[in-house]
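Below is one structure, written out as structure tokens; comments come after it.
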Amino acid sequence: MSVDKDTVRRIAKLARLAVPEERLEPMARELNGIFQWVEMLGEVKVEGVPPLTSVVAQKLKWRKDEVTDGGNADALMANAPGGEDHFFTVPKVVE
Amino acid sequence: MKTIKGSSGEWDIVIGMEVHAQVLSNAKLFSGASTAFGAAPNSQVSFVDAGMPGMLPVINEKCIEQAVRTGLGLKARINLRSVFDRKNYFYPDLPSGYQISQYKDPIVGEGEVTIDLKSGESITVGIERLHLEQDAGKSLHDQHPDTSFVDLNRAGVALMEIVTKPHMRSPEEAAAFLKKLRAIVRYLGTCDGNMDEGSMRADVNVSVCRAGGYEKFRADGSFKHLGTRCEIKNVNSVRFIAQAVEYEARRQVEILEEGGTVRQETRLFDARAGETRSMRGKEEAHDYRYFPDPDLLPLELEQAWVDAIAASLPELPDEKRARFIAQGLSPYDASVLVSERELADYYEELAQGVDAKAAANWLNNEILGRLNKAGLAITECPVPAAANNAIIRMTADGTISGKIAKDLLDIVWTEGGDPEAVVETRGLRQVTDTGAIDAAIEVVIAANPGKVEEVKHKPKLAGWFVGQVMRETGGKANPAAVNAALKARLNLPDEG
Amino acid sequence: MPGSSSNDLTAMTLAGARDALKARKISSRELTAAFIAAIEAGRGLNAFVTETAEVALLMADASDKRLAAGEAGALEGLPLAIKDLFCTKGTRTTAASKILGDFVPPYESTVTQNLWNAGAVMLGKTNLDEFAMGSSNETSFFGPVVNPWRAKDSNMNLVPGGSSGGSSAAVAADLCLAATGTDTGGSIRQPAAVTGTVGLKPTYGRCSRYGIVAFASSLDQAGPMTKTVRDAAILLASMASVDPKDSTSVDLPVPDYESVLEGGVKGLRVGIPKEYRIEGIPADVAALWDKAADWLKAQGAEIVEVSLPHTKYALPTYYIVAPAEASSNLARYDGVRFGYRAAHPRDITDLYERSRGEGFGAEVQRRILIGTYVLSAGYYDAYYARAQRLRTLIKRDFDAAFETCDVLLTPSTPGPAFGLGAKTSDPLEMYLQDVFTVTVNLAGLPGISVPGGLTESGLPLGLQLIGKAFDEGTLLRAAQAVETAADFRAKPAKWWAA
């Protein structure tokens, strides 16, 4: 795979990362270096090999249906930039 | 033929739905915060729900159980192994920047729901799948010109996403499906189905195609026979579903008949205007970059555990409906009664030991009418089912007449009390004593000599006499006995 | 010990200090004060992001009370440094990033809570590569950490390894008794190796990840960074626990690791994976590896050659899986609920893009872009899905190898510490630092680095031992044997205490 600066722009958008215009080309080059290297994985025969869903060989733990958390809006909001009346605030979102 | 008429011919409407039903549980899907509705902002949010650094999800066993229970109610395949995936996108009410959902391996597979239409026809709507996922928080966009406010109380509440196959053909079917689904989850106790509180929301997919296309699709399963579909998001009432589908289908037919093409897009239903509108800014296709959530392991269920849940299911609407029909109710009446579990339960108590049809009629004609007028739900009925049962019994065994029964209901409705006691204290017992009836007849005859003459030529006037005698007895006389006695006394011919 | 010099106190091991405290030969306050002074004097190393001297003394005093009352916990009164990736309640936690701003966690990570429950004292939060992404501690928003070690006759600043560079430097420079680190691709073992200290990454799931700023969820694991193998055994025993708050934390009781250390290695089968003998490996690295095999053999171990055929695919596999998971884990850093928020955002998209664009450093951004790309539509199967299959193959390699041996012996790194700025021009060159360590994370196994010797230029080299899942006991026993044979006593000259 090979990326150009338009692709980098698109991916940055998807990741909500502002990449300055002048960094797009150099970033594309850096990424391409890495992607080229990663291509070697294509050599390996993986038919019939299941993906490793987890290195942990145990069953998913289930929690009891009890209210054990929440109820502390102050602690929740303590680190919030902005915030008003226990609501988080962001620039108006237009639907 | 289920089609709508366009200017150039008939069109099939094809409808599919994705319903998001909030799971009834004390705590959220992956955190221990409460799910109670209506709390102060951000007061029911764990640090896990808020996507704080280092926080991790731990699954709530009750939510798993509720999903399986619902799947069983949908006669669906329960997948003993399913996987949680992250659905990645940015939005202020999605604190982690991803929603934990299920993509390729949902907990429940294919199932079906039967819906009974007014025409008496029953259709089967296929269910594609049901999966568990987190609900998002709530954003308020209309409180301030420049600021949106975010409340995460709802973030992380368990949702069941139920996806149907495109098996609905009309606004009526769509509405009926949603009603039925709502009834099923309420029967099961897995979701309260409160669409106005947002605990059940529907996204409706609508497309149209030339008549005949739908049959072809059902035959070979190929979507190429169907038209381009539009998704109407977040329809929050059964009534709006029908309106939205109606509007959208006609909109699409109009476009196509003018030679245009329907653009695949997401739309909103504007209830006030009764129209669907395109959603601004949602044109970009989302790339959700699904991948299995590495903070969780695959969900594995034991068949024995699933079987235990299956054994504990309450009687579902379809079974109850079949039982009511076997007891003598019409399919339509039975459908109406089972549409709400509370109504069905009320009916059953009311119908104990009396004729089913009589009980259903009483409920429909006397109770539901009064409730509707007063804006009350069956659970708020001032007269307990057992009291109605008593009234029906007393009517059936002749203790009171049909007319007195209605008066009795009025009394008990407004003043309460035990119907049997009221009958005694107010002397409402039906008069069958022939002596009393004869005496009342003599009173009426004596007071109306003219009419006595008339009736000899106009036998139909006998009805007037019956009414008068009934009045004379304070409505308590048995009408059949009055009729018989009058005929004998006035020498009226039998009319059969 | 009356009249102990500060130096004597800070040079102690965890085990030595523990015994001295128990015997009331020294107090926790003395010990803590000595480290506080050392940290102050050692600011030139930039090993700490936050120093918590006041809190430390309060904790020390409380420990002294408990020690006097005979109620000592396993780590009572022992001053430790905590990698600034562990959320510590009430103490700023940064992940060495601008984007966390002045975030003060309202909660404690399970691992650090375990330490405080055991009576340990917190000296401060150590520096690291931003979001644990790096192998040299050069990507930190708070500036690079300097390795206390310098090459012979040189005063060039060297890197302490990464991402746990602050922790490794602090341990090597006697600024703490021991430290915690995290390891996703080698971030405990590699810095330990280049600073002449011990670094242990336990089996995935042994330590809870709750409250640790997540980098790559299926690879991250907390572990001890110490002066000796015994110290690592002691510290791990307190760090590890069964945690219901982490679904990937394993339901196994924590053994008494210290008690099995002296078991020796007679009859132990030590595997030497042939694929680790890579081309271009420096001669002294290879030589030390061979010497270590001889040491173990001399102590009765059996040396076995094994094969891990998919070794060369491990690094590229890691550089797909880790960035993919990171791209998703780091989506929560958006300026909305905590941390850095860009000034005067035009709209919500601008708020996201600029907060993240201004808040994340270059390496983090690079990895987020890589991760976003490999998960995106059209690429998932060819890259992420394929990489997950390669993980299965890599794990199977280890499973097969462990049929014929009990532990594996490899070099920890392809070379000693390098100069600051020496490898920052090409990301790939930096990534290659983890060539011997990433396999272990991909397979979820435990691994430890033990100082083996010095290069010609006087810089430390480490030896890595890899064990079976949840077999830290055998791993530590073998590591103890290596440590005993290596008899590594060198310490860096204190050039930084001006």
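What accessible area, in Å² to the nearest ten, does a 1.4 Å probe give for B:CYS230?
Accessible area, nearest 10 Å²: 0 Å².
So if the hydrodynamic radius of chain B is defined as the Kirkwood radius over C-alpha pairs, what does Stokes-Einstein give as its diffusion coefficient at 20 °C and 1.002 mPa s, in µm² per second? If you can, show how the numbers build up before the last one.
On the way: Rh = 26.9 Å.
Here the translational diffusion coefficient equals 80 µm²/s.
Would you mind estimating how fast the range B:1-151 diffuses translationally, via Stokes-Einstein at 25 °C and 0.890 mPa s with the Kirkwood radius over Cα pairs, in µm²/s?
Values: Rh = 18.5 Å.
Estimated diffusion coefficient is 133 µm²/s.
Give me the base-10 log of I(q)/I(0) for the range C:402-498 at each q in 0.13, 0.14, 0.24 Å⁻¹, Debye formula, one uniform scatterer per Cα, rounded to two decimals.
-0.57, -0.65, -1.24
Need one number: % antiparallel among DSSP beta bridges in the range B:3-308, to the nearest 5.
Of all bridge pairs located within the range B:3-308, approximately 95 percent are antiparallel.
When the Cα centres of the range B:395-463 and the range A:71-95 are compared, how far apart do they sit, in Å?
Result: 71 Å between the Cα centres.
Quick one: order C:LYS423, B:LYS320 from most to least accessible surface, probe 1.4 Å.
Details: C:LYS423 45, B:LYS320 15 Å².
So the residues, ranked largest to smallest area, are C:LYS423, B:LYS320.
Using amide H atoms built 1.01 Å from N in the peptide plane, name the residues 5+ places from A:PHE88, or on other chains, whose amide H lies under 5 Å from its own.
Residues meeting the criterion, in which the H sits 1.01 Å from N, are B:VAL150.
Rg to Rh for the range C:22-134: what is it, with Cα atoms only and Rh by Kirkwood?
Numbers: Rg = 14.5 Å, Rh = 14.5 Å.
Looking at the range C:22-134, the ratio lands at 1.00.
Which ³J(HN,Hα) values in Hz, rounded to whole numbers, follow from the phi angles of the range B:119-128 under the Karplus curve 6.51 cos²θ - 1.76 cosθ + 1.60, where θ = phi - 60° and Gly and Pro get x?
5, x, 6, 10, 10, 10, 9, x, 9, 7
I need the fraction of alpha carbon pairs in the range A:27-67 separated by more than 11 Å, rounded to a whole percent. Display every interim value, and only then the final one.
Details: 644 of 820 pairs.
Looking at the range A:27-67, the distances longer than 11 Å represent 79 percent of pairs.
How crowded by other chains is B:294-301, given as the mean number of beta carbons from other chains within 10 Å of each beta carbon? The partial results should precede the final answer.
Numbers: counts 15, 9, 7, 10, 4, 3, 2, 0.
Taking the mean over all residues of the peptide, I get 6.
How large is the Kirkwood hydrodynamic radius of the range B:316-365, counting all unique pairs of alpha carbons, in Å? All intermediate terms of the calculation are to be shown ahead of the outcome.
Numbers: mean 1/r = 0.0969 Å⁻¹.
The Cα-based Kirkwood calculation yields 10.3 Å.
For a quick protection proxy, order the peptides C:182-195, B:260-273, B:431-444, B:20-33 by their average other-Cβ count within 10 Å, most packed first.
Numbers: C:182-195: 33.5, B:260-273: 13.8, B:431-444: 16.6, B:20-33: 24.5.
In decreasing order of mean packing, C:182-195, B:260-273, B:431-444, B:20-33 become C:182-195, B:20-33, B:431-444, B:260-273.
Using every pair of alpha-carbon atoms in the protein assembly as shown, split the distances into 20 Å bins beginning at 0 and state the percent of pairs per bin, rounded to integers.
11, 34, 27, 15, 8, 4, 1, 0
Let me confirm one metric for peptide B:139-147, namely the mean number of other chain beta-carbon atoms within 10 Å of its residues' beta-carbons.
Numbers: counts 7, 2, 5, 1, 5, 3, 1, 4, 8.
Mean number of neighbouring Cβ atoms from other chains: 4.
log10 I(q)/I(0), Debye, Cα-only the range B:1-49, no solvent, q = 0.25, 0.28, 0.30, 0.32 Å⁻¹?
Here log10 of I(q) over I(0) equals -0.98, -1.05, -1.12, -1.21.
Counting each DSSP H run of 4 or more residues in chain B as -39500 (n - 2.57), what helix-only mean residue ellipticity at 222 nm follows after dividing by all residues, to the nearest 500 deg cm²/dmol? Don't jump to the answer; show the numbers that get you there.
Working: 17 runs with 188 residues, N = 496.
Mean residue ellipticity at 222 nm (helix-derived): -11500 deg cm²/dmol.
Keeping all protein chains in place, calculate the accessible area per residue for the range C:399-498 (probe 1.4 angstrom), answer in Å². Walk me through the numbers on the way to the answer.
Working: 3160 Å² over 100 residues.
The answer is 32 Å² per residue.
May I ask you to compute the full-extension gain from B:LEU140 to B:ALA271, defined as 0.36 nm times their residue separation minus their alpha-carbon distance, rounded to one decimal in nm? All intermediate terms of the calculation are to be shown ahead of the outcome.
Numbers: separation 131, 0.36 × 131 = 47.16 nm, distance 1.91 nm.
Roughly 45.3 nm would be gained on extension.
Given a 1.4 Å probe and heavy atoms of the protein chains only, how would you sort B:TYR187, B:TYR332, largest accessible area at the top? Display every interim value, and only then the final one.
Values: B:TYR187 0, B:TYR332 115 Å².
Result of the area sort, largest leading: B:TYR332, B:TYR187.
Grab the beta carbon distance between B:GLU315 and B:ASN194, set R0 = 22 Å, and tell me the FRET efficiency rounded to 0.05. Each step should come with its number before you reach the end.
On the way: r = 23 Å, r/R0 = 1.03.
Once the sixth-power term is evaluated, E becomes 0.45.
Enter the mean number of other protein chain beta carbons within 10 Å of the beta carbon of each residue in B:361-373, as an integer. Before the final figure, lay out each step's value.
On the way: counts 0, 0, 0, 0, 0, 0, 0, 0, 0, 0, 0, 0, 0.
Taking all residues of B:361-373 together, the mean is 0.
Tell me, what % of the accessible area of chain C is carbon and sulfur with a 1.4 angstrom probe?
The computed percentage sits at 52.
Dipole size in debye (nearest 20) for the range B:3-308 around its Cα centre, Lys and Arg Cβ +1, Asp and Glu Cβ -1?
Details: 37 positive and 45 negative charges, 81 e Å.
The dipole of the range B:3-308 has a size of about 380 debye.
Using modelled amide H (1.01 Å from N, peptide plane; none on Pro or chain starts), what sits under 5 Å from the amide H of B:GLY156, excluding residues fewer than 5 places away?
Correct list: B:ASP135, B:ALA136.
Would you calculate the convex hull of the Cα atoms in the range B:315-425 and tell me its volume per residue in Å³? Could the numbers behind the result be given before it?
Details: hull volume 10.4 nm³, N = 111.
So the per-residue Cα hull volume is 94 Å³.
Per DSSP H run of n ≥ 4, the term is -39500 (n - 2.57); total these for chain C, divide by its residue number, and report the mean residue ellipticity at 222 nm rounded to 500 deg cm²/dmol.
Details: 16 runs with 177 residues, N = 498.
One gets -11000 deg cm²/dmol as the mean residue ellipticity at 222 nm.
Using all Cα-Cα distances in the range A:54-95, what percent lands in each 5 angstrom bin from 0 up to the longest?
Percent of Cα pairs in each bin: 5, 15, 15, 11, 11, 13, 11, 13, 6, 0.
Compute the distance from the alpha-carbon center of the range B:63-130 to that of the range B:307-326, in whole Å.
Between the Cα centres of the range B:63-130 and the range B:307-326 lies a distance of 21 Å.
Once amide H atoms are placed 1.01 Å from N in the peptide plane, what residues at a sequence separation of 5 or more from B:ILE59, or on another chain, have their amide H within under 5 Å of its amide H?
Here the answer is A:ARG63, since their amide H atoms fall under 5 Å of that of B:ILE59.
Could you give the alpha-carbon Rg of the range B:148-224 over 2.2 N^0.38 Å, rounded to two decimals? Provide the component values of the computation, followed by the final result.
Values: Rg = 16.5 Å, N = 77, 2.2 N^0.38 = 11.5 Å.
The range B:148-224 yields a ratio of 1.44.
Starting from the exponent 0.38 and prefactor 2.2 Å, build the expected Rg for the range B:192-233 from its residue count and divide its actual Cα Rg by it. Let's see the in-between values first.
On the way: Rg = 14.8 Å, N = 42, 2.2 N^0.38 = 9.1 Å.
Normalised Cα radius of gyration, the range B:192-233: 1.62.
Report the C-A buried area as the accessible area lost on both sides summed, probe 1.4 Å, in Å² to the nearest 100.
Numbers: alone 18480 and 9620 Å², together 23100 Å².
Summing both chains' loss of accessible area gives about 5000 Å².
How far is helix B:462-472 tilted off the main Cα axis of chain B, in degrees rounded to 10, range 0 to 90?
That helix lies at roughly 90 degrees to the long axis.
May I ask for the Kirkwood hydrodynamic radius of the range C:302-350, worked out over all distinct Cα pairs and given in angstroms to one decimal?
Taking the inverse mean of 1/r over all distinct Cα pairs, the range C:302-350 comes out at 14.9 Å.
Short version: ³J(HN,Hα) in whole Hz for each residue of the range A:25-42, in order, from phi by Karplus 6.51 cos²θ - 1.76 cosθ + 1.60 (θ = phi - 60°), x for Gly and Pro, what are they?
Result, ordered by residue: 5, x, 5, 4, 5, 4, 4, 4, x, 6, 5, 4, 5, 5, 4, 4, 5, x Hz.
Using the alpha-carbon atoms, what tilt in degrees (0 to 90, nearest 10) does helix B:385-396 show relative to the longest principal axis of chain B?
So the inclination is approximately 30 degrees.
Which whole-Hz ³J(HN,Hα) couplings does the range B:136-147 yield from phi under the Karplus relation 6.51 cos²θ - 1.76 cosθ + 1.60, θ = phi - 60°, glycine and proline marked x?
With the stated coefficients, the range B:136-147 comes to 8, x, 10, 10, 10, 9, 10, 8, 7, x, 10, 10 Hz.
Using only the Cα atoms of the range B:434-490, what are the Rg and Dmax in Å?
Radius of gyration, then largest Cα-Cα span, for the range B:434-490: 10.1, 29 Å.
With solvent modelled as a 1.4 Å probe, how much accessible area in total do chains A and B shield from it at their shared surface, in Å² to the nearest 100?
Numbers: alone 9620 and 24350 Å², together 30110 Å².
It comes to approximately 3900 Å² buried between A and B.
Equivalent-ellipsoid semi-axes (√(5λ), Cα gyration tensor) for the range B:247-349, whole Å, largest first?
Values: eigenvalues 341, 193, 32 Å².
Over the Cα atoms of the range B:247-349, the ellipsoid semi-axes are 41, 31, 13 Å.
Output needed for the range B:383-442: three equivalent-ellipsoid semi-axes, defined as square roots of 5 times the C-alpha gyration tensor eigenvalues, in descending order, whole Å. Write out the running numbers ahead of the final one.
Numbers: eigenvalues 113, 26, 15 Å².
Each semi-axis is the square root of five times an eigenvalue, giving 24, 11, 9 Å.
Which value, in debye to the nearest 20, gives the size of the charge dipole of chain C about its Cα centre, when Lys and Arg are +1 and Asp and Glu are -1 at the Cβ? Display every interim value, and only then the final one.
Working: 48 positive and 54 negative charges, 51 e Å.
For chain C, the charge dipole is close to 240 debye.
Roughly speaking, what is the centre-to-centre gap between the range A:43-69 and the range C:132-184 when only Cα atoms are used, to the nearest Å?
34 Å
The values are calculated or read from the model by the stated rules, or taken from the named source; none is laboratory data. All values derive from a computational prediction rather than experimental measurement. When we count neighbours, we look across all protein chains shown, and the Cβ atoms used for this are built from the backbone with ideal geometry, even at glycine. What goes into the accessible areas is simple: the full protein's heavy atoms, side chains included, and nothing from ligands, DNA or RNA. Shrake-Rupley method; radii C 1.70, N 1.55, O 1.52, S 1.80 Å.
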